[in-house]
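Here is the structure we will look at, set down as structure tokens.
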Amino acid sequence: MYSLSPSSSISPKSLIRTRCPSQTHRVTPGRLVIQCIHRHDSTNASRADWQSSCAILASKVVSQQQDTQKVGGADNITAVNGHKTLDLVPIENLPKPLTITDFSPAPMHGAQIRVAYQGVPGAYSEAAAGKAYPKCEAIPCDQFEVAFQAVELWIADRAVLPVENSLGGSIHRNYDLLLRHRLHIVGEVQFPVHHCLLALPGVRKDYLTRVISHPQALAQCEHTLTKLGLNVAREAVDDTAGAAEFVAANNLRDTAAIASSRAAELYGMEILADGIQDDSSNITRFVMLAREPIIPRTDRPFKTSIVFAHDKGTSVLFKVLSAFAFRNISLTKIESRPHRNRPIRLVDDENVGTAKHFEYLFYVDFEASMAEVRAQNALAEVQEFTSFLRVLGSYPMDMTPWSGADNITAVNGDKTLDLVPIENLPKPLTITVLSPALMHGAQLRVANQGVPGAYSEAIAGKAYPKCEAIPCDKLHFKQWSSESLTTQFSL
């Protein structure tokens, strides 16, 4: 030990020691020990004065140590959930980590689901989206392609798109897009179509010179329009509600639109004729698309959709269909589309010359779940005869009774769409709006493993500033994160 006196030349820094060479002391990690040893000598200094000096030195050392610990480190966390530092949030208000019990198919049919559809507000596709996902946030898109991309880019959680109509037949564009994109069919909705003839207030049928609507709507009302004495020009537009919006926005008093009664309410138009479709049993089938498939089940009726191609002649199609017939599996639809990569197949025969055959892709829907052994065996046999086979989805069948088209489930939080002012209606997404840059902005929901304050949360805040961080208790949540609970994940 050292001893000091008032006249000693030893520096005061030597008073600060973390360990004494002559004695053993138990010291906690990171804590400094101050030892002040005094021995009486000729200076006759006051013991109390030197103890005071040692206390002052000790206080300065502790203060410097605390300042060093506050500089840098993990406390410099990017804002998460709207807070610059997480200690601003009361402990009792911190979000609880998600557990495996929180994941259930039920939330997928509730609120806060973002559903893309083609058209503008008031379209039949929007009503079908409301039936598939009540109280969803409907996102209008100007093209079918945009709806597909909106789901792939995480702008929407689902897409609800038409694939066939009981009168007009298949919507071939969406069948081609199903093959081009990697989305999965997770459900179907059958929606009754109820067409109305709409015009501006005060306009009579005698004043009309043209009728505009979607091509299928015009075809579905052709005979009724003739019976009404409307020998007018008929022009096609992108969708039915868009026709009503066009007439209202341009104040066209010589033009009528074929659309739903809901579109008449939205755009301030009058109904000149109600239920003008040629056949009252006018049903459109929509499919629900998602980024990930659902787990097939056997406790309720399921339907499976596939697409395949073959290169060995037309006899292969018979063998493929026999694979389902032998197992008593009912087919509900078969559709052929040109094989774009190889539209023509040449067959050489030395006796008759060269024959040219068109090549097709075949879309098939059958009533069975992929969880059933008979369906698995059928597809195993189909794969032996085909050059290409893809399962588009195995999903529950729509068993709900048909109701009138005006009985629309609440969409975007409104039971009736006319509660929304026309100027506040959402504008359809366009192809130029879809950009990956949007995915690195605010309002993203990012899942992280751990509780609030974990390093994963800090990394999520750095990757996506001002994001909504969602804590999870386990790592194997990735397969659930795509089910619209989260839009990104960070581990």
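Side notes on the structure shown:
- Among the chymotrypsin sites (Phe, Trp or Tyr not before Pro) in the stretch 267-334, those placed in a DSSP loop whose Cβ has at most 13 other Cβ atoms within 10 Å are 326.
- Note on the stretch 123-184: Cα-Cα pairs beyond 17 Å make up 41% of the total pair count.
- Around the amide H of residue 186, modelled in the peptide plane, lie the amide H atoms of 288, 289, 290, all under 5 Å away and 5 or more residues distant in sequence or on another chain.
- The Cα-based radius of gyration and maximum Cα-Cα distance (Dmax) for the stretch 111-242 are 16.5, 50 Å.
- Among the trypsin sites (Lys or Arg not before Pro) in the stretch 155-208, those placed in a DSSP loop whose Cβ has at most 15 other Cβ atoms within 10 Å are 182, 204.
- A cut-off of 5 Å between modelled amide H atoms, ignoring neighbours fewer than 5 places along the same chain, links residue 273 with 197.
- The residues 444, 317, 197, when put in order of fewest to most other Cβ atoms within 10 Å, stand as 317, 444, 197.
Bear in mind these aren't lab numbers, they're just calculated from the coordinates by the rules spelled out. Given the structure is predicted, the values throughout are model-derived calculations rather than measurements. Cβ: placed from backbone, ideal geometry, glycine included. Neighbour counts: every protein chain shown.
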